[in-house]
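J.: What follows is a structure written as structure tokens; I'll ask about it next.
The values are calculated or read from the model by the stated rules, or taken from the named source; none is laboratory data. Remember, predicted model here, so these are calculated numbers, not experimental data. In this analysis, Cβ positions are derived from the backbone assuming ideal geometry, glycine residues included, and neighbour counts consider all displayed protein chains. Protein only, heavy atoms only, side chains kept; ligands, DNA and RNA dropped before computing areas. Shrake-Rupley method; radii C 1.70, N 1.55, O 1.52, S 1.80 Å.
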Amino acid sequence: MSLAARFAEAYGHPPAGVWAAPGRVNLIGEHTDYNDGFVLPLALDRRTLVGAEIAEGVTTVRSSREPDAVVFEADTVVPGEVTGWAAYVAGVVWAFRAAGLPVADLDLLVEGDVPVGAGLSSSASLECAVAVALAELTGTALDLTEVAHLARRAENEFVGAPTGGMDQMAAMHGVADRLVFLDTRTEHVELIPFALARHGLRLLVIDTRAPHQLVDGQYGARRADCAKAAELLGVPALRDATAADVETLTDERLRRRARHVVTEDDRVLGVVERLRAGKDPRAIGPLLSASHTSMREDFEITVPHVDVAAAVAEEAGAHGARMTGGGFGGCVIALVDTEAGDRVADAVAAAYAERGWDAPVVFDAVAADGAGRA
Ligand code: GLA
């Protein structure tokens, strides 16, 4: 049954439309977005879909993944009132209102195939799908970046997750066969060609299904370390520090945190340069692997499941591999020759089995379009 049919069954009338927004993988540029730095994500071909229609007096949200509907009123909902998965929906409605934009009560049905809790930004995809639906249903014209801002505001101020802006920008600006090169300071977006199949390559996503550990506190702690390091260096953000500056920090932990950010920005620029020149993408492999090492040694956001996946993927022939996303679990990406993909996936699965870990889930990252009508 289609989403529209399920919507009609749940609400007794058809939706006005179905909107969608993708999850993302970040090719490189981790924990740089809240340091005014550079990121290079792609929008995935896995999406969150939202069927929606204007309703009278109350907003009702249903999800194919959740047993119960959640209700709130668009005109009055405030942070803290809706929690859990539906907070991402209510947060968007609140963000529109907080920005002085019109809102409306809606009937909503959510479904999708972005893995939840895997570091692939299922939450940003839900926010962006709701935002494009609400904008269209209220007749509000917004550009892609404006929608991303509203979605991020929902995440930061309503849900209370202190994230940067990469995920929502990727969900909005993504284009098939392109990477989204984003300067998070200026918010300038450049689309970089990324047609891997033409070069006989695949980008594997290895969902390690590692239990997330201490995620909330750790993300905020890394942000605080970065802010402190920038303050000590007397720069507005770590984006403005050089590798030499960083080595002057006397606090050992802050020095390593800042080193990760500064070297990661350089690696993003290095990857962009290599891909822009239309060269063989295999050339970016060492930069991907160096990013992983930096996250493991200096930023300390990896866990054994992701370290093993990245190391085994390389041993089995990947050109480069790294954890993608916020860290402490989630997914590893591996750049592999087309014919080596299955061998790499099997090697990681075997390494997990040896350790008595649950099998990883492996799929191809295919760069797809950003949010819009489904
Ligand atoms: C999460 C956040 C992003 C970004 C990444 C790390 O996905 O939502 O803003 O900080 O972690 O690169």
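J.: Here are some residues: Asp280, Asp346. Which one is more than 16 Å from the ligand (Cβ to nearest atom), more than 24 Å from the chain's Cα centre (by Cα) and modelled with pLDDT under 95?
T.: On inspection, the qualifying residue turns out to be Asp280.
J.: Same structure again: Given the criteria under 30 Å from Ala230 (Cα atoms), assigned by TED's automatic domain parsing to the domain that holds Ala171, among the aliphatic types (A, V, I, L, M) and assigned to a strand (DSSP E or B), does Leu49 qualify?
T.: Details: under 30 Å from Ala230 (Cα atoms): no; assigned by TED's automatic domain parsing to the domain that holds Ala171: yes; among the aliphatic types (A, V, I, L, M): yes; assigned to a strand (DSSP E or B): yes.
No.
J.: Given the residues Arg282, Arg322, which is the only one that is outside any helix (DSSP H, G or I), basic (Lys, Arg), out of contact with any Cys (no Cβ under 7 Å at 6 or more places or on another chain) and in contact (Cβ under 8 Å) with a residue 40 or more places away in the chain? So that I can check it myself, show each step before the final result.
T.: Working: Arg282 fails: outside any helix (DSSP H, G or I).
It is Arg322.
J.: Would you please name the residue that is nearest to the chain's Cα centre (by Cα), looking only at residues in region 1-47 that are within 16 Å of the ligand (Cβ to nearest atom), over 17 Å from Ser125 (Cβ atoms) and charged (D, E, K, R)? Before the answer, list the steps.
T.: The initial filter retains those residues of region 1-47 that are within 16 Å of the ligand (Cβ to nearest atom), namely 21-44, 46.
Among the residues that remain, those that are also over 17 Å from Ser125 (Cβ atoms) are: 27-32, 34-38, 40.
So of that shortlist, the ones also charged (D, E, K, R) come out as 30, 36.
Details: Glu30: 10, Asp36: 17 Å.
Per the criteria, the residue is Glu30.
J.: Separate question: Which condition number in (1) in contact (Cβ under 8 Å) with a residue 40 or more places away in the chain; (2) open to solvent by 20 Å² or more (accessible area, probe 1.4 Å) is the one that Ala311 fails?
T.: Among (1) in contact (Cβ under 8 Å) with a residue 40 or more places away in the chain; (2) open to solvent by 20 Å² or more (accessible area, probe 1.4 Å), Ala311 violates only (1).
J.: When only residues in region 158-185 that are among the β-branched types (Val, Ile, Thr), within 14 Å of the ligand (Cβ to nearest atom) and farther than 20 Å from Ala90 by Cα count, which is surrounded by the most Cβ atoms within 10 Å (Cβ to Cβ)?
T.: Val180
J.: Continuing with this model, one more query. Test of understanding: among Val92, Val114, Val159, which residue is over 20 Å from Val18 (Cα atoms) and out of contact with any Pro (no Cβ under 7 Å at 6 or more places or on another chain)?
T.: Criteria check complete, one pass: Val159.
J.: A further question on this structure: Among the residues of region 4-27, count how many are farther than 12 Å from Leu108 by Cα and free of Cβ contacts under 8 Å to residues at least 12 places away in the same chain.
T.: Result for region 4-27: 3.
J.: Sticking with this one: Search region 314-355 for residues being open to solvent by 40 Å² or more (accessible area, probe 1.4 Å) and in contact with a helix residue (DSSP H, G or I) (Cβ under 9 Å, 6 or more places away or on another chain), and hand back the single one that is nearest to Met166 (Cα to Cα).
T.: His319
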